[in-house]
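Visitor: Following this message is one structure expressed as structure tokens.
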Amino acid sequence: MTTPNSTLRAVRMGLLLSQDEFARAIREAGTRAGQRNDASKRLVQRWEAGIIAAPRPLYARALEAVTGLPVEALGFAAAPMARVSEDGRGGHDLKDSSVGIPEANGTPTPQAAPRGNYSGVWLSTYEFVSSGRNNEVFTGKHFVVLLQHGNRLTARSLPNASLNPDSPLTLDLQIDGSAVTGTWTEQTASDGYYRGARYFGALQMLVDPTGRRMSGKWCGFGKEFDVNTGPWELRLMDSSTSKATLAAYDRAPDAS
């Protein structure tokens, strides 16, 4: 039995592209790079359905150009494990890695059946301390489209829906009862304070009884190889993932 690639689907929907439009964008990316391809709606459907476990290199390069993410972070089965590399500016980047959930001894941990369906548009809010700016506390906000398949939750921020412009966020989570555990990755803006660095870490939250809010903590690397942490919350804004709904939330959240 194949496992649908909900990560790729969430990324595509986060870009506000239909399968036809996504295929066209992949063809155009190939043409710009001088490596023409024959991407089609049918091919995108096969990727998202999990029928094709990994794209050919020709398509992988075009996928990276369209999504702005390494192909290993797009939910394909043959992704390698994560490695950490210094970014030369006191932080750490994700190199040649998947955005996946660690498995104990290589075997997935059995998960309880999820309660309800959490697909929809959510407001993601987290806080972090910037040691380079006098330990001031900053807030990151994104409207994300979250998709659920079984116990897996995948979220991707909408193109214009970041409090800090051009800082796309991806979440890859699993739910076990009311516990949500997984990873986050954020690509910072190239002209921002962190100069285009990619940061990642772990995330664990609890779903409140209404099913409309998840809250907990993130952790990630700091300057001196220390592990930092802070609060993270997801709040349901709309359970629809229609094109009209996604377009309505394709804007920066309020700063307050």
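Values in this text are rule-based calculations from the coordinates and carry no lab data. Since the model is a prediction, treat every value here as computed from it, not as a measurement. Because the Cβ atoms are built from the backbone with ideal geometry, glycine has one as well, and the counts that use them run over all protein chains shown.
Visitor: Name the residues whose placed amide hydrogens come within less than 5 Å of the amide hydrogen of Phe221, ignoring near sequence neighbours (fewer than 5 apart) on the same chain.
Guide: Close amide H contacts, sequence-distant or interchain: Phe200, Asn228.
Visitor: While we're on this one: Work out from phi, with θ = phi - 60° and the Karplus expression 6.51 cos²θ - 1.76 cosθ + 1.60, the ³J(HN,Hα) of each residue of the range 60-70, listed in order in whole Hz, and give x for Gly and Pro.
Guide: Values, residue by residue: 4, 5, 5, 4, 4, 5, 6, 8, x, 10, x Hz.
Visitor: What FRET efficiency would be calculated for the residue pair Ala49, Leu16, taking the C-beta separation as r and a Förster radius of 25 Å, to the nearest 0.05?
Guide: Approximately 0.75, to the nearest 0.05.
Visitor: If each residue of separation counts as 0.36 nm, what is the full-extension length gain between Arg212 and Val227 once their alpha-carbon separation is subtracted?
Guide: Taking 0.36 nm per residue and subtracting the Cα distance, the gain is 2.5 nm.
Visitor: How would you order 140-147, 16-23 from highest to lowest mean count of nearby Cβ atoms within 10 Å?
Guide: 140-147, 16-23
Visitor: Arrange the peptides 64-71, 211-218 so that the one whose residues have, on average, the most other Cβ atoms within 10 Å appears first.
Guide: 64-71, 211-218
Visitor: Something else about it: Hey, for a label at Ser242 modelled as a point 7 Å past Cα toward Cβ, could you say which residues of the range 129-173 have their backbone N under 18 Å away?
Guide: Flagged as within label range: 145-146.
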